[in-house]
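Just below is one structure, and these are the notes that go with it.
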Amino acid sequence: MDARQGPLLPREEHALVAGLLAGDEEAIRTLYARFARPVYTMGYRLLGSAEAAEELTQDVFLTAWRKAAQFDAARGRLSTWLMTIAHNLAVDRLRRETGVSRPNLVPVEEVPEVATEGDEEPVLERDAAVRALSCLSEPERRLLARAYFRGLTAREIAEADGVPLGTVKTRIRAALIKIRRAQLGKDQP
Amino acid sequence: MRASVDCLSARDRLAEHALGTLPGREARGVERHLAWCAACRKEARELQDAAATLAFALRPAPPPPPTLEERVVRSVRRAAGRPAARPGRAALAWVLAAVVGLAGLGWGAVMAGRAERFERAALEAERRQDLIARRLAALLETVPFAGRHDARVVQLTPAPSAPVAGGAVVLLASPRRLDLAVALLAGLDPGDRGAFPYRVSLLGPRGRQLLVARIGAHEVGRDGSAEEAGEFPEDLSTFTDVVVRDARGAVVLRGRVPTA
């Protein structure tokens with residue numbers, strides 16, 4: 001199973017996670033080859049140092065091992081599951097270190113940066129992500145970035161922007177649905 | 001009392017749930033709902049896929065160091081380890097005694113020397129030494145080793161004016177499995193960001209060097225101590241010395257591996 005070619009089938013995802021649970025070296029290395037880079041990038045960008053990124057990467061794989069029995073490919077993709085673990089751990093660490101309930105993760109200007117064609121080192125998941133995000137308008141990308149990377153709740157965004165809470169919720173939801181449609185290759189409504 | 005969440009209110013929160021910004025109590029309510037509602041679960045999954053896209057689209061960081069893969073593989077394999085033979089009580093007691101009881105050597109002597117002048121420092125030294133012993137005992141409960149002849153305890157002596165109070169490294173040799181090194185450092189100041197990570201290395205003949213532990217600031221407990229264990233394919237019994245360097249490269253602790 002080449003680490004960087006083609007999406008994984010659910011049964012392949014199950015096999016990899018079962019291998020992870022059993023401590024199978026080949027499964028761990030395959031998962032690492034596929035997902036370590038985006039996990040490390042999240043740590044690097046959100047936590048701000050290579051050292052923290054390394055620690056986060058180790059923690060993500062260990063947490064995935066601990067939770068492996070709960071993984072169900074029928075209920076979610078492996079990539080989503082791992083990145084959710086990474087996001088949660090990164091946010092938890094920031095909250096712990098800064099002692100605040102709402103971390104200031106990264107400047108909005110930093111994320112997410114949509115790459116151009118010919119960007120260095122194409123990675124399967126990243127290419128697809130960049131393509132999917134290109135469907136969003138700039139305000140939509142900034143809105144999602146404020147929530148996902150800065151940890152702002154819909155209420156906090158609504159108060160900061162002077163916009164009704166319901167409007168912010170609707171916009172967040174609409175933006176996520178646009179990404180989802182782009183992922184599935186569907187036309188925008 | 002658990003809040004009841006129906007489909008309408010769950011769906012109102014799914015987007016925020018996917019982004020990880022839903023406050024804890026609301027998130028728990030949504031998760032309880034998702035546990036039994038397949039329709040909302042399907043929508044939640046789709047929104048989570050979309051949210052994860054944000055993470056994948058980040059501008060790539062510089063490549064991680066090549067050693068990270070080995071550390072990940074090692075730590076997961078260790079966590080998933082086959083049923084480990086628990087150390088015999090006698091062997092465990094011997095290792096602990098070696099850590100606690102080397103009063104005439106290593107950092108015990110250094111701290112005792114200081115104690116003549118600083119009673120408080122002496123109490124602190126005792127407390128840290130006791131702490132190391134307790135943490136080591138907890139660690140050794142989880143790793144396989146057959147007996148005292150497999151274990152070597154290296155007491156680490158602080159360099160003059162080193163910001164680290166002390167530590168110990170235990171090397172456990174195994175004829176069948178990978179050798180194991182357990183490093184414990186005490187008296188660490190997590191606020192001294194420039195000092196982290198501390199690197200614990202074994203030194204051998206002809207300049208051989210093996211990094212056995214890398215301790216970051218976040219690993220330091222409230223008590224100022226941290227430990228790391230790792231398995232290695234190398235024969236650890238061939239190494240003669242241990243050094244601990246801070247991130248600036250300064251040697252803060254060192255010790256000599258006792259001969260068998």
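The values are calculated or read from the model by the stated rules, or taken from the named source; none is laboratory data. Since we're looking at a predicted model, the values are computed, not measured. Using ideal geometry, Cβ is built from the backbone for each residue, glycine included, and neighbour counts are taken over all protein chains shown. The area values use the complete protein model at the heavy-atom level, side chains included, leaving out ligands, DNA and RNA. Shrake-Rupley method; radii C 1.70, N 1.55, O 1.52, S 1.80 Å.
Quick notes on this structure:
- Complete set of residues in segment B:43-66 that are without any contact (Cβ under 8 Å) to a residue 24 or more places away in the chain and more than 9 Å from chain A (Cβ to nearest Cβ): B:P66
- Filter result for the condition that a residue is within 34 Å of the chain's Cα centre (by Cα) and closer than 18 Å to A:R142 by Cα, over B:G20, B:G24: B:G20
- Filtered residue count, segment B:20-33, keeping only those that are at the interface with chain A (Cβ under 9 Å from one of its Cβ atoms) and over 12 Å from B:S9 (Cβ atoms): 3
- Residue match in segment A:76-95 (condition: at pLDDT below 90, in a helix (DSSP H, G or I) and of a type in the set (D, E)): yes
- Options A:G23, A:G48, A:G76: the member that is more than 18 Å from B:E70 (Cα to Cα), among the small types (G, A, S) and within 7 Å of chain B (Cβ to nearest Cβ): A:G76
- Strands (runs of 3 or more DSSP E) contained in segment B:169-242 and holding at least 3 residues open to solvent by less than 20 Å² (accessible area, probe 1.4 Å) and closer than 21 Å to B:T157 by Cα: B:179-186, B:198-203, B:209-215
- Pairs, first closer than 10 Å to A:A73 by Cα in segment A:10-21, second surrounded by 17 or more Cβ atoms within 10 Å (Cβ to Cβ) and among the basic types (K, R), C-beta under 9 Å, six or more apart: A:P10/A:R77; A:E13/A:R77
- Helices (runs of 4 or more DSSP H) (entirely within segment B:1-62) containing at least 1 residues that are open to solvent by 20 Å² or more (accessible area, probe 1.4 Å) and among the polar types (S, T, N, Q): B:7-19, B:38-56
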